[in-house]
Structure formats: C-alpha cells, structure tokens
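J.: Let me begin by handing over the structure; questions about it come next.
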Amino acid sequence: MLQLSSVQRRELRARAHGMNPVVSISENGLTDSVLKEIDTNLKAHELIKVRVYGDSREDRLAYLERICTELNAAAVQHIGKLLVVYRPNPADGKTSSGEKSKTSRRPASAPHRTKRSFQG
C-alpha cells in the first residue's frame, strides 16, 4: 500500500473536491470486475472517487483497505459513502502531488534582427 504525507493528502483532497465518482460499488460488493474498473480509472486519472452503496461503515473501510492493498494505491479520504483513492502513474511524468515534473527547457531565443541598409 502506498503511503502519503499529510501535505500530499491535503493537496489530493483539494484536487478531488470537485470531482464526481467514476466507479460505484453496489450491493454485490467489491468484485473482481469492480477492482479492474478501479485499476483502469487509476491508470487514466491517478485520483478517483468511488461511491459505495451500502450502510455498513465497516464494509466501506474493508473495501478501501482491499483496493489500496491489491492495487498498490493510497487512501486519500473516506467521507460518508465516498472513497478517494490515489495512485501515481510513473509513465505520465508526474510527481506524487500531481504536478508536472520540472524539466529543463531551452529558453526562447530573441527574434533575429538583421541590419538593413536603405538606399535612398
């Protein structure tokens, strides 16, 4: 399971605030097909919300633990029936906080000016 610092967790919670859930866990529970869908969405988005339809808090905590363990993800937040899960995508070139990694770029060159002679 991936571990996050409190600063990383706070930044990820802020990013997830306006997001809608992309995966739902219904009365059938956390099946293999649901885990595969969560994995697919983590590959695509890194940070996702999962809605759990069920009243048992213990079940929601167990689902979150299983998702994080089996998919090597980090639990960002569990609030009500929503789970927020994060897994960085190393092929994307992003850092753990979701920002683009800083790469050295060549500075833009100044416009090339030529001397013009005016014949009058």
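J.: Tally the residues that are in a loop (DSSP other than H, G, I, E, B), modelled with pLDDT of 95 or more and loosely packed, with under 13 Cβ neighbours inside 10 Å, restricting the search to region 30-55.
T.: 2
J.: OK, next. In region 40-72, how many residues are among the hydroxyl-bearing types (S, T, Y) and touching a residue at least 12 places away in the same chain (Cβ under 8 Å)?
T.: The total comes to 3.
J.: State which residue pairs qualify: first residue more than 9 Å from V76 (Cβ to Cβ) and inside region 6-21, second residue basic (K, R) and at pLDDT below 95 in any location, beta carbons under 9 Å apart, and separation of 6 or more residues or different chains.
T.: Close Cβ pairs satisfying both conditions: none exist.
J.: Please go through region 1-29 and pick out each residue that is in a helix (DSSP H, G or I) and out of contact with any Ser or Thr (no Cβ under 7 Å at 6 or more places or on another chain).
T.: Answer for region 1-29, where residues must be in a helix (DSSP H, G or I) and out of contact with any Ser or Thr (no Cβ under 7 Å at 6 or more places or on another chain): S6, V7, R9, R10, L12, R13, A14, R15, A16.
J.: Among the residues of region 56-83, what is the count of those that are of a type outside the set (G, A, S) and in a helix (DSSP H, G or I)?
T.: Of the residues in that region, 14 qualify.
J.: Mind listing just one residue for me: the one in region 68-84 that is of a type in the set (V, I, T) and out of contact with any Lys or Arg (no Cβ under 8 Å at 6 or more places or on another chain) and, of those, nearest to L4 (Cα to Cα)?
T.: Checking each candidate, the answer is T69.
J.: Checking A62 against (1) closer than 22 Å to V7 by Cα; (2) hydrophobic (A, V, I, L, M, F, W, C); (3) surrounded by 13 or more Cβ atoms within 10 Å (Cβ to Cβ): exactly one of these is not met. Which one?
T.: Here A62 clears every test but (1).
J.: Going by the conditions given, is I25 at pLDDT 90 or above, farther than 22 Å from R9 by Cα and surrounded by 14 or more Cβ atoms within 10 Å (Cβ to Cβ)?
T.: Spelling it out, I25 is indeed at pLDDT 90 or above, farther than 22 Å from R9 by Cα and surrounded by 14 or more Cβ atoms within 10 Å (Cβ to Cβ).
The values are calculated or read from the model by the stated rules, or taken from the named source; none is laboratory data. The model shown is predicted, which means the values in this text are computed figures rather than measured ones. Every residue, glycine among them, receives a Cβ derived from its backbone with ideal geometry; neighbour counts consider all protein chains shown.
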